[in-house]
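The structure under discussion appears below in the form of structure tokens.
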Amino acid sequence: MGENKLDLLQGTLDLMVLQTLTAMGAQHGYGIARRIEQASKDEVLLNQGTIYASLVRLQQRGWIAASWGTSDNNRKAKFYSITRSGRKQLAKDADHWQRLSDVMGRLFDLSEEGGQ
Amino acid sequence: MGALRRALARIYSFFRKPPLDADLEAEIATHIELAIKENMRRGLTLTEARRQALVNFGGVELAKHQHREARGIMRLDILLQDFRYTVRSLGRDRGFTLVAILILALGIGANIAVFSVVNNLLLRPLPFPGSQQLVWIAPPPTKCGISCATYSTDGYDTFRAGTHSFQDVTGYNAFSTADNLSLSVGAGAPVQATSIDVIANFFQLLGVQPTMGRAFNEADGRNGAAPVIILSDAWWRRQFNADPNIVGKAFDINGQQTTVVGVLPRTFDFGAIFSPGTKIDAITPVDLYGPVRTQGNNFTFIGRLKPGVSLAQARQDSAAVAPRLCNNNKVSDSCGQYEAVPVPLKSYVSGKLNRSLVVLWSAVGGILLIACVNLSNLLLARAAGRSKEFAMRTALGASRARIVRQLLTESLILSGAGAFCGLALAATLVAWLRSQGAIALPLLSTLHIDGAALGWTVLIAVFAAVFFGIVPGLRMASGDLQETLKDTGAGTGQSRKHERLRSTLVVTEVALACVLLVGAGLLLRSFLKVLDVDLGFEPQHAAAVMLTYDVPGKTRLEALQNQSLILQQVLTRVSSIPGIQAAGVVDYLPLGQNRSWGTPFPKGIKAPQGIETGPLVYVITPGYMRAMGTGIRGRDFTWDDGPKSTNVVMINKAYAHFLANYAKWPDGSAVGQMLNDGNQDLLVAGVVDDVHEEGTEGDTGWQIYYPVTQQFPNAAQLVIRTTLPPGTMATSVMTALRELNPKQPAAEFRPIQAIVNHSNSPRQFFMLLVASFAALGLTLAALGIYGVISYSVTQRTQEIGIRMALGATAGRVQRSVISKTLRLAIIGIVSGAVASLAVSRAIAALLFNTEPSDPITFAAMVLLIGVVALLAGYVPARRASRVNPMVALRNN
């Protein structure tokens, strides 16, 4: 298991989780995982289990909060919701991602032009 | 902020594992449940829905692992796991664990104890503030002992005023005799104690503050000052029951009301620093302009350098002033014979021991190495038995690093436990050493295990763990997985390689033990040679006791006559006690203090220039030589050699021999010849054996004896020679003395042998330590040999069974095992002997009359280690020869 790859994936997954919680409000682990799968239209191969490492990490940083509740079909489930500092972090990260992907896009355009 | 918060959360999680794990468990269960429900809603069967839910989840255990990794402190988890596992597996193997911890405790304990000694004597500065500024000022070492290392009070004044590199100079009277105080309390016999006269600025210069009261001040040393005394901590506790209000109280000491002005701190032990092995109870100030002024060289010099002044500058300064010193300023030809060389006080106190301590340190280092090699071997044997366990764990996914880490954890735990027990052992040893007041080693009474020793313990424990753990660890981890799983353990390649490694380790062990043994053997032989030295007197069946008497008399003549009468009376009375063969009195016993007066020369012959110091002077009674067992050629003094008859002396052979070079004596004998000391003629009544004065080992110098009938002794030591063990005579002698003089204090009754033993004690101490380390090393090496041979016999039980089934006799099997043992032992001994040759050269300076390559020692040690090796091999050999072929073939 290459650690670099894991790091990259971690950051990305954390951001996806934060965004999902902002969009959907409080949600349990399964809900978050399904939502990400649906949003990515199955382009991301996600082992649903890995979501839990991401959740504990975000929780320990204080970006999300968790509490036990009851799911739609009356099962006891742990619900996660984004906190204020989580929102701030999301804004920061989203901005960072946006800028990075802009730069990458421009770079790829540049290389096509340069190739001609 | 986030990072800190997360770190705290991680630590918090680490300690709440069970509830968090239960939470996660429940969460995952819900997750799967929800997934199954959703899949079934899409029309799948329950089985398929569950399968797909699990596939999408992707490994429940993996998810849990990732979660825990993100949540807590994984490394610590693994460490704890390893720790628990190790403790469990060591607990199962109790015999191995006990032996391993015992070996380590001995090795590490010896190291800590010796480190404490080395640290105390060599590494730590002396227990005085700014102790690196303190210097001992004396002439370069010569033959004549303490008399040449001292200066007169006039010399002190000149030196102190003339030098500029010292903040101040102080000194103490080196001729204060033992038991010189007699403290009268109540009606009983006075209590005897020892004090040292110091110059009043002594404590200021050393920077010693009394715990109670004050140090001496200048007024205490003035002429006519009220007598004062400062008590040592030990005496204050022993004699005065640690009286907290002692300061200001006055006691009758030597007939004078003497006020206690202070009590010294426990850390300041005058004896431990300046005169090892003796007990100093109190310190008294000296009046420099009192009687000592005319008594010649009495004072040793101690100086404190000014800040920024180097030793070299101080030496130059001292060398410039020394020639101006006079024994007595009023006697012009008493000047210009002095030299003064400052050396660091520390090197004066413990410098002579450097080499011995380094040897001791190396010896315990050797022990630790042997212990480590031994343990390495034990672990290797254990690891060989566990190779399948490790192969299995590797097959189940444990990484090599993880396995090595686990083996290292194991050795760390073992060495940690060993270090703990070793520390307890060392504490016992150090406490015992501290109480050995009779060993003439400096600073022994201040020995303790301090922070540095604890640090050293940790250091060597970790070193030991890595040292003995790394070989088996790497060996295990490098093994071929499949080979190991297939290996049945008997006679295949892997085991062979193991055995070769183990044999190498054993050979190393034997070689190390051999070096230790040879070293110890050489020291032992030196010690025996020292015991064999002809001291010039017979220490057995002789004892000494300090005599106290008053000599009335207005004139010198009257006093001498009275003195003769008193002593003659004492000796007649003592000699009449049954069991006493001879009795005599001397002022200084051998192997203690001494002094010199001048150099009497054959009458009519001019003494050549450049004779540094004269013979050591003793004032004795008739019968003293017989009591000491010193042979006389010529005649002993008699009571008739009175103050009005010819002045007589006896001289020792060495001095007589020296004088004979200048005098033209018929047949070269000094007996009956006349000497002259510049003032008067001295008739040589007898020539006596050379007596060892400074120590049992050194050369003997010149000695001259005067009779008490013509000279005043500085003190009176009654020496008796007995037919019975001297100790049994103590009561009857003391009773007799008390009858003659009711003021005779209860002085210590000292066997002369004890005085000799005291002088030999440092050598004996080092010899015993090195010898016990060597014995320990030998035992460990024997264990090592036994371990390897016994293991190889166990491994080959089947092979031996086959051989015996094919007709090999028990004797043949036994021989083959023993020859294997011998092969290991011989390789070890040969390499050890070669190494010993080099090592013995390094300790040559510590030997006495013993060649570093002493063939007897080498032969004896080789024989000893060979026999021990044979015994260690014989036990498994016997077991091998008793193998029952049928049983061996049936079992594996």
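The values are calculated or read from the model by the stated rules, or taken from the named source; none is laboratory data. If you're wondering where the values come from, they're calculated on a predicted model, not measured in any experiment. Counting neighbours? That spans all protein chains shown, and the Cβs are built from the backbone with ideal geometry, glycine included.
Descriptive notes on the structure:
- The strands (runs of 3 or more DSSP E) located wholly in the range B:225-321 that include 1 or more residues which are surrounded by fewer than 18 Cβ atoms within 10 Å (Cβ to Cβ) and on the phi < 0 side of the Ramachandran plot occupy B:250-253, B:256-263.
- Close Cβ contacts (under 6 Å, 6 or more residues apart or on different chains) running from residues in the range B:323-337 that are within 11 Å of B:SER152 (Cα to Cα) to residues that are in a helix (DSSP H, G or I) and at pLDDT below 80 comprise B:CYS326/B:SER334; B:ASN327/B:SER334; B:ASN328/B:SER334.
- Check on A:TYR30, within 8 Å of another protein chain (Cβ to nearest Cβ) and either crowded, with 18+ Cβ neighbours inside 10 Å or more than 30 Å from B:ALA29 (Cα to Cα) (or both): yes
- Top-ranked residue of the range B:22-50 - restricted to ones that are more than 18 Å from A:TYR30 (Cα to Cα) and in a helix (DSSP H, G or I), ranked as nearest to the other protein chains (Cβ to nearest Cβ): B:LEU46
- Flag: B:ASP77 does not match the condition of being within 8 Å of chain A (Cβ to nearest Cβ) and either part of a helix (DSSP H, G or I) or within 26 Å of A:ALA33 (Cα to Cα) (or both).
- Residues in the range B:324-352 that are part of a loop (DSSP other than H, G, I, E, B) and more than 41 Å from the chain's Cα centre (by Cα): B:ASN328, B:ASN329, B:LYS330, B:VAL331.
- Filter result for the condition that a residue is under 60 Å from the mean Cα position of the chain (by Cα), facing another protein chain (nearest Cβ under 7 Å) and either over 15 Å from A:GLY29 (Cβ atoms) or of a type in the set (Val, Ile, Thr) (or both), over B:ARG16, B:ARG5: B:ARG5
- Candidates B:GLY614, B:GLY604, B:GLY634, B:GLY623 - the one that is small (Gly, Ala, Ser) and in contact with a helix residue (DSSP H, G or I) (Cβ under 8 Å, 6 or more places away or on another chain): B:GLY623
- Selection status of B:ASP641, closer than 26 Å to B:PHE175 by Cα and touching a residue at least 60 places away in the same chain (Cβ under 8 Å): no
- If you filter the range B:786-811 down to residues that are part of a helix (DSSP H, G or I) and among the hydrophobic types (A, V, I, L, M, F, W, C), you find that the one that is nearest to the chain's Cα centre (by Cα) is B:VAL788.
- Residue count for the range B:651-682 satisfying the condition of being assigned to a strand (DSSP E or B) and either closer than 22 Å to B:VAL533 by Cβ or free of Cβ contacts under 8 Å to residues at least 12 places away in the same chain (or both): 2.
- Output for the range B:708-763, where each listed residue is crowded, with 19+ Cβ neighbours inside 10 Å, polar (S, T, N, Q) and within 25 Å of B:TRP639 (Cα to Cα): B:THR709, B:GLN710, B:GLN711, B:GLN717, B:THR722, B:GLN744
- Filtered by the rule that a residue be hydrophobic (A, V, I, L, M, F, W, C) and in contact with a helix residue (DSSP H, G or I) (Cβ under 6 Å, 6 or more places away or on another chain), the range B:792-815 gives B:VAL793, B:ILE800, B:MET804, B:ALA805, B:ALA810, B:VAL813.
Listed here are the residues, each with its yes/no results for (1) touching a residue at least 12 places away in the same chain (Cβ under 8 Å); (2) closer than 30 Å to B:ALA384 by Cα; (3) surrounded by fewer than 20 Cβ atoms within 10 Å (Cβ to Cβ).
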{"site": "B:ARG502", "(1), (2), (3)": "yes, yes, no"}
{"site": "B:VAL506", "(1), (2), (3)": "yes, yes, no"}
{"site": "B:VAL510", "(1), (2), (3)": "yes, yes, no"}
{"site": "B:VAL518", "(1), (2), (3)": "yes, no, no"}
{"site": "B:ARG525", "(1), (2), (3)": "yes, no, no"}
{"site": "B:VAL545", "(1), (2), (3)": "yes, no, no"}
{"site": "B:THR555", "(1), (2), (3)": "no, no, yes"}
{"site": "B:SER564", "(1), (2), (3)": "yes, no, no"}
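- Residue count for the range B:340-374 satisfying the condition of being of a type outside the set (S, T, N, Q), over 21 Å from B:ALA774 (Cα atoms) and out of contact with any Asp or Glu (no Cβ under 9 Å at 6 or more places or on another chain): 10.
- Qualifying residue in the range B:236-253 (condition: in contact (Cβ under 8 Å) with a residue 24 or more places away in the chain and in contact with an Asp or Glu (Cβ under 7 Å, 6 or more places away or on another chain)): no
- Every pair of residues 6+ apart whose Cβ atoms lie under 8 Å, when the first sits in the range B:618-637 and is more than 23 Å from B:LEU724 (Cβ to Cβ) while the second is at pLDDT below 90 and aromatic (Phe, Trp, Tyr): B:TYR618/B:TYR588; B:VAL619/B:PHE712
- Selection from the range B:55-74 of residues that are in a loop (DSSP other than H, G, I, E, B), more than 9 Å from chain A (Cβ to nearest Cβ) and within 19 Å of B:ALA26 (Cα to Cα): B:GLY72
Per-residue answers, yes or no, for (1) without any contact (Cβ under 8 Å) to a residue 40 or more places away in the chain; (2) aliphatic (A, V, I, L, M); (3) buried (at least 21 other Cβ atoms within 10 Å of the Cβ):
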position	(1), (2), (3)
B:LEU134	no, yes, yes
B:ALA189	no, yes, no
B:ILE196	no, yes, yes
B:GLY221	no, no, yes
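- Candidates B:GLN133, B:GLN192, B:GLN167: the one that is outside the structural domain of B:LEU264 (by TED's automatic domain parsing), over 27 Å from B:SER596 (Cβ atoms) and not small (Gly, Ala, Ser) is B:GLN133.
- Applying the condition of being farther than 30 Å from B:PRO762 by Cα and outside any helix (DSSP H, G or I) to the range B:844-890 and asking which residue is modelled with the highest pLDDT yields B:ARG882.
- Residues being more than 8 Å from chain B (Cβ to nearest Cβ), surrounded by fewer than 19 Cβ atoms within 10 Å (Cβ to Cβ), touching a Ser or Thr at 6+ places or on another chain (Cβ under 9 Å) and of a type in the set (Gly, Ala, Ser) - total across the range A:51-92: 4
- Filter result for B:LYS554 (more than 30 Å from B:GLN192 (Cβ to Cβ) and of a type in the set (Lys, Arg)): no
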